[in-house]
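Colleague: Structure incoming, see below.
What follows is calculated from the coordinates using simple rules that are stated; it is not laboratory data. Being a predicted model, the structure only gives us computed values, none of them experimental. Because the Cβ atoms are built from the backbone with ideal geometry, glycine has one as well, and the counts that use them run over all protein chains shown.
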Amino acid sequence: MKLPEPQVAVLNAASATDETPIEQLAAEAGLKPETATQAVFELRDDDLLDVTERDSVEYELTEEGRTYVEAGLPEVRLYRAAVAAGADEEPVQMGRVIGAADLDGPEVDIALANFGRKGYGSIDSGELSADGDTDAEADPEAAALAELAGADGGDDADADTALDDVDDAVLDQLVSRNLLDRHERTVRAATLTQAGVTVLMEGVEATEAVDRLTPELLTSGEWEDVEFTEYNVEADAPDVRSGKLHVLRQTAERVKDVLVGMGFQEMDGPHADADFWINDCLFMPQDHPARTHWDRFALDVSPIADLPDDLVDRVEAAHRQGVGDDGDGYHSPWSEDFARAIALRGHTTSLSMRYLSGTEVGELDPPQRYFSVEKVYRNDTLDATHLLEFFQIEGWVMAEDLSVRDLMGTFVEFYEQFGITDVQFKPHYNPYTEPSFELFGRHPTTGELIEIGNSGMFRDEVLEPLGVEHDVMAWGLALERLAMLTTGAEDIRDLHGTLADLEFLRGAEVTY
């Protein structure tokens with residue numbers, strides 16, 4: 001019988017009576033582990049080998065664990081020092097015992113935390129008492145570390161045997177204390193079948209297998225006589241993780257493509273800006289709760305100096321007296337110093353104010369459509385739908401005779417590009433838009449309606465000081481919440497930040 005060389009080598013290394021791990025077969029056959037694994041499964045498919053699998057859990061001492069093998073666990077050292085100081089008879093000052101135990105830095109907290117947990121004694125009002133009936137020398141965690149350290153240098157079987165009698169709860173505790181590393185793997189072993197024994201007895205010849213058809217094999221005609229390697233298309237392939245665009249970046253790029261396709265141009269501008277552009281131009285009163293230190297991130301830098309003086313005067317007048325014959329203003333304090341103060345923008349509407357006023361790209365004639373997808377900063381409470389910094393999809397349209405129906409139709413067209421057709425609207429109040437409404441979308445996993453944006457028609461008190469004589473409809477949409485709707489993420493913190501779910505991000509795709 002003719003078989004590829006790796007299969008012949010594995011057959012000769014296998015036993016008919018004992019299970020042989022694939023790693024051992026590979027070593028005895030002089031093959032790479034992956035080559036031996038492929039050969040084993042090919043022989044199994046030909047009924048020449050039986051393959052068994054078992055889950056194996058192995059433990060390895062960490063660097064900290066090795067340190068405690070030599071010096072002793074901090075809580076054991078604390079107990080010994082306490083007994084030596086007479087704390088088993090009457091309480092002793094805790095500082096004195098800690099010094100005698102030669103504990104330093106984080107070892108002090110570790111010792112104190114585990115001293116009480118293990119019943120070695122108690123601590124009250126800075127004094128330490130030790131339980132004289134406790135046998136700290138028989139500490140099960142210290143014993144397990146010593147057993148594993150003694151097995152180091154032997155084979156895996158030695159390490160496994162060393163921990164056979166150790167309670168699982170003790171091992172779990174050592175892992176949680178970062179004194180042991182736990183490694184879980186699947187061990188595969190092979191045994192010769194009766195057919196495999198028969199093949200070896202009758203004699204097997206090694207042939208060089210060819211894994212691809214080349215032009216040389218075709219032209220020479222050798223392809224008719226060679227042995228081709230069989231491929232198992234159902235075999236597990238290695239998990240190759242290449243770089244990919246972050247889900248939010250994918251969503252942002254898609255948003256930009258959609259809005260450019262709808263005729264919009266992109267805006268950009270500073271993340272740190274004058275409160276004048278962030279709030280005053282928006283007709284937000286300076287004593288509004290959102291403008292206090294509770295909601296904004298003020299920066300300790302020099303105030304902005306290059307604001308258009310005539311625009312500052314018009315905005316101040318709008319705040320104090322209002323706009324038009326029926327305007328009334330806020331009758332609340334207004335300070336130019338506050339308006340010039342620098343803060344991190346709480347919304348990208350500061351960009352809209354710069355562009356609509358003509359200070360960024362000059363005076364604009366209708367119709368105009370602009371957008372931005374940039375980061376904003378708010379002193380919010382962290383939860384499933386709020387972060388301290390997030391991306392906002394800002395947009396506005398300037399034209400004649402715009403209505404709320406135009407605004408709602410724009411949203412319907414925009415969200416349809418992402419497969420979101422159930423967009424709902426709720427009337428809302430904003431100081432800068434009238435009428436105003438919030439947008440809600442239904443989460444694909446939970447079925448819950450979540451807020452995805454805010455919008456409205458800019459008020460005269462916003463537009464007239466800017467010199468805009470036409471209708472302007474505007475909105476601010478949450479990029480992260482759009483990503484939640486398209487990926488099924490249930491918590492905004494799964495998308496980015498220190499708690500981001502990396503496994504979710506590796507597999508998530510932006511669907512539309």
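Colleague: Please say if the chain is rounded, prolate or oblate, where rounded means a/c under 1.5 for a ≥ b ≥ c the square roots of the C-alpha gyration tensor eigenvalues, and otherwise the choice is prolate for a/b larger than b/c and oblate otherwise?
Modeller: Since a/c reaches 1.5 but b/c is at least a/b, the shape of the chain is classed as oblate.
Colleague: Put +1 on the Cβ of every Lys and Arg and -1 on every Asp and Glu Cβ in the chain; which of Ala27, Trp334, Gln286 then has its Cα farthest towards the positive end of the dipole?
Modeller: Trp334
Colleague: Sort 109-116, 49-56 by packing, meaning the average of other beta carbons within 10 Å per residue, with the highest value first. Could you put the intermediate results ahead of the total?
Modeller: Values: 109-116: 17.1, 49-56: 13.8.
Peptide ranking by packing, descending: 109-116, 49-56.
Colleague: Sticking with this structure for a sec: Pairs on different chains or at least eight residues apart, Cα atoms closer than 24 Å: how many lysine pairs in the chain fit?
Modeller: 4
Colleague: If you take every DSSP beta bridge fully contained in the chain, what fraction is antiparallel? Give it as a percent rounded to 5.
Modeller: So the antiparallel bridges in the chain amount to around 90 percent.
Colleague: Rank by packing, highest mean first: peptides 343-352, 125-134, with packing defined as the count of other Cβ atoms within 10 Å averaged across residues.
Modeller: 343-352, 125-134
Colleague: In degrees, nearest 10, range 0 to 90: what is the angle between the Cα axis of helix 106-117 and the longest Cα principal axis of the chain?
Modeller: 70 degrees
Colleague: Now a separate question. Quick one: compute the contact order of the chain, relative version, from alpha carbon pairs under 8 angstrom and 6+ residues apart, as a percent.
Modeller: 13 percent
Colleague: Would you please state which residues of the range 448-468 a label at Glu363 would reach in this model, taking the label point 7 Å out along Cα→Cβ and a backbone N cut-off of under 11 Å?
Modeller: It comes to 467-468, nothing else.
Colleague: Say R0 is 35 Å: what FRET efficiency, to the nearest 0.05, do Glu202 and Glu58 get from their beta-carbon distance? Walk me through the numbers on the way to the answer.
Modeller: Values: r = 40 Å, r/R0 = 1.14.
The formula returns an efficiency of 0.30 here.
Colleague: Another question about this same structure. I need the phi-derived Karplus couplings for the range 440-457: 6.51 cos²θ - 1.76 cosθ + 1.60, θ = phi - 60°, integer Hz, Gly and Pro marked x.
Modeller: 10, x, 8, 5, x, 9, 8, x, 7, 7, 10, 5, 10, x, 9, 7, x, 9
Colleague: Using each residue's phi in the range 332-340, evaluate 6.51 cos²θ - 1.76 cosθ + 1.60 at θ = phi - 60° and report the 3J(HN,Hα) Karplus result to the nearest Hz, with x for Gly and Pro.
Modeller: Going residue by residue, I get 10, x, 9, 10, 5, 4, 5, 5, 8 Hz, with x marking Gly and Pro.
Colleague: Sticking with this structure for a sec: In whole Å, what three semi-axes, largest first, describe the equivalent ellipsoid of the range 71-154 built from its Cα gyration tensor (square root of 5 times each eigenvalue)?
Modeller: In descending order, the three semi-axes are 24, 13, 10 Å.
Colleague: I would also like to ask the following. Across the range 57-74, in residue order, what do the Karplus-derived ³J(HN,Hα) couplings come to in whole Hz, using 6.51 cos²θ - 1.76 cosθ + 1.60 with θ = phi - 60° and x for Gly and Pro?
Modeller: Along the range 57-74, the couplings run 10, 10, 10, 9, 5, 7, 4, 5, x, 5, 4, 6, 4, 7, 8, x, 4, x Hz.
Colleague: Under 5 Å between amide H atoms, partner at least 5 residues away or on a different chain: which partners does Leu449 have, H built in plane at 1.01 Å?
Modeller: His443
Colleague: Nearest 20 debye, what's the magnitude of the dipole of the chain about its Cα centre given +1 on Lys and Arg Cβ and -1 on Asp and Glu Cβ?
Modeller: 1880 debye
Colleague: Something else: Show me the ranking of peptides 486-497, 404-415 by mean Cβ neighbours inside 10 Å, starting with the highest.
Modeller: Result, highest mean Cβ count within 10 Å first: 486-497, 404-415.
Colleague: So what is log10(I(q)/I(0)) for the range 249-507 at q = 0.10, 0.13 1/Å, when the Debye sum runs over its Cα atoms only?
Modeller: At q = 0.10, 0.13 Å⁻¹ the computed log10 ratios are -0.50, -0.85.
Colleague: Under 5 Å between amide H atoms, partner at least 5 residues away or on a different chain: which partners does Thr207 have, H built in plane at 1.01 Å?
Modeller: The answer is Leu3, Glu5.
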